[in-house]
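Participant: First, the structure itself, so that you have it in front of you.
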């Protein structure tokens with residue numbers, strides 16, 4: 001599971017250098033729903049939040065409430081110049097004070113020039129995979145913020161619509177959208193009628209949902225790269241209107257070698 005999420009994090013932050021994409025006939029297979037106006041649209045790549053173990057000194061994924069109170073936040077990352085997001089642990093009354101899990105019952109604080117923006121609290125449940133929390137943030141502006149998260153459980157968690165088997169456990173995934181007034185759940189799988197796990201890339205006007213399947217996706221070039229040698233794999237890219245959630249285009253792309 002750690003390896004799977006690690007690959008996702010790497011693809012999100014564009015570590016992989018990928019080559020050009022082709023289909024069996026040298027062309028991508030496109031299913032246009034309408035004329036696509038997003039050829040030159042710039043989409044924001046979600047950014048992960050790295051756990052800061054220098055402030056929250058721990059060698060594991062759990063610590064006592066007393067230890068947590070010694071660190072101001074779990075992790076912090078820059079979204080755009082002068083704006084950062086930091087993950088802060090919440091402490092529900094029914095939680096075991098001696099065993100608080102990093103990432104469980106967590107709030108995100110958005111800071112601009114050192115001052116916290118007046119964005120209402122939203123509790124997120126995630127896990128700590130390798131060095132990163134199992135969530136990412138796509139920040140467009142104060143009226144367009146998307147948070148994708150995942151956490152593991154032995155069986156699908158109640159209240160989470162999409163849970164994917166990953167080894168002996170399930171990855172429960174979710175997306176939340178802040179529209180300038182409130183946080184709302186967003187379910188990409190239902191919007192594009194694709195039940196697989198999807199990655200979100202956003203602009204003010206459009207959303208891009210990517211089904212990598214077994215590929216690596218480079219958000220800077222829009223290219224799918226082959227993950228496994230000698231395999232024939234196809235990734236899918238959906239473009240959706242960010243206001244109406246209407247599907248604009250669907251493109252299947254063969255992963256390049």
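Participant: Taking 30 Å as R0, compute the FRET efficiency from the Cβ-Cβ separation of residue 42 and residue 112 and round it to 0.05. Before the final figure, lay out each step's value.
Facilitator: Details: r = 21 Å, r/R0 = 0.70.
According to the calculation, E is roughly 0.90.
Participant: Work out how much length residue 169 to residue 66 would gain on full extension: take 0.36 nm times their residue separation and subtract the Cα-Cα distance, in nm to one decimal.
Facilitator: Values: separation 103, 0.36 × 103 = 37.08 nm, distance 3.01 nm.
Stretched out fully, the residue 169 to residue 66 stretch lengthens by 34.1 nm.
Participant: Given a cut-off of under 8 Å on Cα pairs at least six residues apart, what relative contact order in percent is computed for the stretch 68-213?
Facilitator: Relative contact order, the stretch 68-213: 13 percent.
Participant: As an exercise, take the mean of 1/r over every pair of distinct alpha carbons in the stretch 51-198, invert it, and state the Kirkwood radius in angstroms. Can you show the working numbers first?
Facilitator: Working: mean 1/r = 0.0613 Å⁻¹.
16.3 Å is the Kirkwood radius here.
Each value in this text was obtained by applying a stated rule to the coordinates, not by laboratory testing. No experiment lies behind these values; they were computed from the predicted model shown. Cβ atoms come from the backbone with ideal geometry, glycine included; neighbour counts cover every protein chain shown.
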